[in-house]
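Participant: Here it is, the structure, as structure tokens.
FYI, it's all coordinate maths here, none of it is from the lab. None of these values were measured; they are calculated from a predicted model. Using ideal geometry, Cβ is built from the backbone for each residue, glycine included, and neighbour counts are taken over all protein chains shown.
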Amino acid sequence: LENVGKSARNVGCTIRQETERIGDKIKKSDLKGKSQSAAKSASRKAKEFNDKYSVTEAVTVAAVVSSATLLAKGDKKAGASAMALAGASFLAGEAMKAPPHDEGLNERMH
């Protein structure tokens, strides 16, 4: 009878541990889905904002003008930094114009 009691307690502990483990997995997967959804939403909103207000183009033009001014004044480091910003903002704008990637593309690469 004592062994039956121990076995029942062991089974109870195992059930509780497995239930907690499965619950933790479910919580983690929900967080993963929510973070992916939030990232996609933020990306979509940034693209819409850029399409409406041409932000990356304005930043690119401002950086090119700043770069030219700084280089003309002889400040090579600041001019080069401003030119790097111009290039980065131009590429960001072009990336926002590109069609979205296949969502399953990266999953097959792992």
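Participant: What lysines sit close enough to Lys52 to cross-link, taking a C-alpha to C-alpha distance under 29 Å and skipping anything fewer than 8 places away on the same chain?
Facilitator: Answer for Lys52, where 29 Å is the Cα cut-off: Lys34, Lys40, Lys97, listed by chain and number.
Participant: Restricted to Cα positions, what overall size does the range 3-85 have along the principal axes? Three whole-Å values, descending.
Facilitator: That works out to 89, 31, 8 Å along the principal axes.
Participant: Work out, step by step, the length gained on full extension between Gln17 and Asp75: first 0.36 nm times the residue separation, then minus their alpha carbon distance; give nm to one decimal.
Facilitator: Details: separation 58, 0.36 × 58 = 20.88 nm, distance 6.46 nm.
Gain on extension, Gln17 to Asp75, equals 14.4 nm.
Participant: Describe numerically, in nm with one decimal, the distance between label points set 7 Å from Cα along Cα→Cβ at Ser43 and at Asp24.
Facilitator: 3.0
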